[in-house]
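For reference, the structure is listed below as structure tokens.
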Amino acid sequence: MTTTPAPGPRTTEPWKALARRSTLWSSAAGLLLLLGSTAVVLSWRNDLPDPIASHWGTGPSGAPNGFMSLTQWVTTLLAIGAACIVVFGAIGWFWGKAAMTRRISAAATVWIGGLLAVVQMAALASQRGLSDAAQAHDTSGWWLAASYVVPLVPAVAAAVLVPGDAPQSTTARVPANAARVALADGERAVWIRRTGGGPGLRVGAAAIVLMLVLAILTRMWGLLAVPVLLAVLFASMMVFEVRVDATGLAVRSAIGWPRTFIPADEVVAASSTTVHSFKEFGGWGWRVGRDGRVGIVPRSGEALLVERTGGRSLVVTVDDSETGAAVLNTLADRIRNG
């Protein structure tokens with residue numbers, strides 16, 4: 001297996017400048033997607049019933065059971081979209097020390113704007129030409145699946161466009177009190193572990209089963225795409241391979257992306273620690289803590305903590321973290337010695 005940094009252009013700019021720039025343009029892109037869809041549906045005003053259907057039941061008929069004016073609809077969606085974009089953008093703005101954090105923030109802000117844009121247009125397009133919104137039945141569920149899938153295209157593009165971290169190697173020795181393993185001159189060492197499970201994966205499995213049952217009971221066959229998307233999402237966020245070798249630390253998901261890489265010459269020190277997923281990161285998966293620390297935490301418990309140059313750090317919940325930390329410290333020291 002080869003270990004490479006995350007894709008994307010690289011730059012030498014300070015992280016705060018990069019974070020603010022990526023936050024501004026990705027937030028603008030998310031808002032533009034939502035504002036563009038709002039402009040389109042407002043142009044349909046004369047073709048839409050008043051009030052419009054704003055909520056549908058989950059029964060086989062898919063009959064509307066909630067209504068509001070078009071003005072209330074667009075105002076509500078704009079408020080929700082703006083609030084979500086501010087929250088996701090704040091992650092990159094304040095805690096975007098690492099390129100992966102900035103990429104996740106940029107992708108999330110663009111994705112949420114795209115999701116609401118697709119929901120808005122799909123929900124109202126089916127009501128054009130109707131005199132009574134109660135006639136707006138939709139039993140396919142395909143528009144719901146599309147609202148998750150279609151925005152992934154601009155979201156992934158946004159993540160790729162965010163510049164990667166500049167190389168920040170150091171010649172300083174790993175602290176003498178950091179754990180190490182005994183390696184003879186020329187002896188190689190590789191440490192590999194898989195991590196996953198925990199409540200996050202169980203919640204994901206329950207959500208997949210629930211969506212399958214819902215699609216079958218309501219005969220909304222388009223909803224069958226949602227469990228597939230959820231399976232991909234949880235495979236990418238809840239199961240990881242962790243590898244330490246002479247090049248550094250590499251972590252990648254079960255499907256190969258997302259992944260991250262810390263070169264050995266950027267390792268300040270590695271250690272074993274204990275992580276509480278919700279308390280420190282607000283949940284499970286690939287997360288960002290309040291101090292900007294990146295966490296790959298499918299569960300709470302024993303974890304490998306890697307402090308790196310530039311004030312950055314990464315924590316991964318994984319078994320046998322003491323050995324992983326000792327191997328990484330030893331190999332990082334060896335790099336300093338040429």
(message) List the residue pairs whose Cβ atoms are under 7 Å apart, where the first residue sits in the stretch 61-80 and is of a type in the set (V, I, T), the second is at pLDDT 90 or above, and the two are 6 or more positions apart or on different chains.
(response) V74/T38; V74/V41; V74/L42; I80/L116
(request) Specify the residue that is farthest from A326 (Cα to Cα); the eligible residues are those in the stretch 177-202 that are at pLDDT below 80 and outside any loop (DSSP other than H, G, I, E, B). (result) R202
(request) Specify which of the listed residues (T309, T323) is within 21 Å of A99 (Cβ to Cβ), among the β-branched types (V, I, T) and touching a strand residue (DSSP E or B) at 6+ places or on another chain (Cβ under 7 Å). (result) T309
(message) With the structure loaded, tell me whether R180 is farther than 30 Å from L152 by Cα, in contact with a Ser or Thr (Cβ under 8 Å, 6 or more places away or on another chain), of a type outside the set (F, W, Y) and surrounded by fewer than 19 Cβ atoms within 10 Å (Cβ to Cβ) or whether it fails that test.
(response) yes
(request) Determine if the stretch 200-210 includes at least one residue that is in contact with a strand residue (DSSP E or B) (Cβ under 7 Å, 6 or more places away or on another chain) and surrounded by 14 or more Cβ atoms within 10 Å (Cβ to Cβ). (result) yes
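For (1) of a type in the set (G, A, S); (2) free of Cβ contacts under 8 Å to residues at least 40 places away in the same chain; (3) farther than 16 Å from W284 by Cβ, each residue gets a yes or a no:
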site	(1), (2), (3)
P199	no, no, no
R202	no, yes, no
A205	yes, yes, no
V213	no, yes, yes
V226	no, no, yes
L230	no, yes, no
V239	no, no, no
A246	yes, no, yes
(message) Restricting to the stretch 194-212, count the residues that are out of contact with any helix residue (DSSP H, G or I) (no Cβ under 7 Å at 6 or more places or on another chain) and farther than 30 Å from W142 by Cα.
(response) 4
(request) Could you check the stretch 279-338 for strands (runs of 3 or more DSSP E) lying wholly inside it with 2 or more residues that are over 25 Å from G164 (Cα atoms)? (result) 301-308
(request) Take L124 and decide whether it is assigned to a helix (DSSP H, G or I), within 25 Å of the chain's Cα centre (by Cα) and buried (at least 16 other Cβ atoms within 10 Å of the Cβ). (result) no
(request) Go through the stretch 275-295 and give me each residue that's over 15 Å from R102 (Cα atoms) and either among the aromatic types (F, W, Y) or buried (at least 21 other Cβ atoms within 10 Å of the Cβ) (or both). (result) V275, S277, F278, F281, W284, G285
(request) Those residues that are closer than 28 Å to W191 by Cβ, more than 14 Å from the chain's Cα centre (by Cα) and in a helix (DSSP H, G or I), I need them from the stretch 225-255; list them, please. (result) none
(request) Look through T2, T76, T38, T23 and report the one residue that is farther than 30 Å from A134 by Cα, out of contact with any Phe, Trp or Tyr (no Cβ under 6 Å at 6 or more places or on another chain) and either outside any helix (DSSP H, G or I) or at pLDDT 90 or above (or both). (result) T2
(request) Scan the stretch 257-287 for residues that are closer than 17 Å to S300 by Cβ and either modelled with pLDDT under 90 or charged (D, E, K, R) (or both) and report the count. (result) 11
(message) Yes or no: the stretch 236-256 includes at least one residue that is among the polar types (S, T, N, Q) and either at pLDDT 85 or above or within 16 Å of L304 (Cβ to Cβ) (or both).
(response) yes
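The values are calculated or read from the model by the stated rules, or taken from the named source; none is laboratory data. Computed from a prediction, not measured in an experiment: that's the story for all the values here. With ideal geometry, Cβ positions are generated from the backbone for all residues, glycine too; neighbour counts draw on all protein chains shown.
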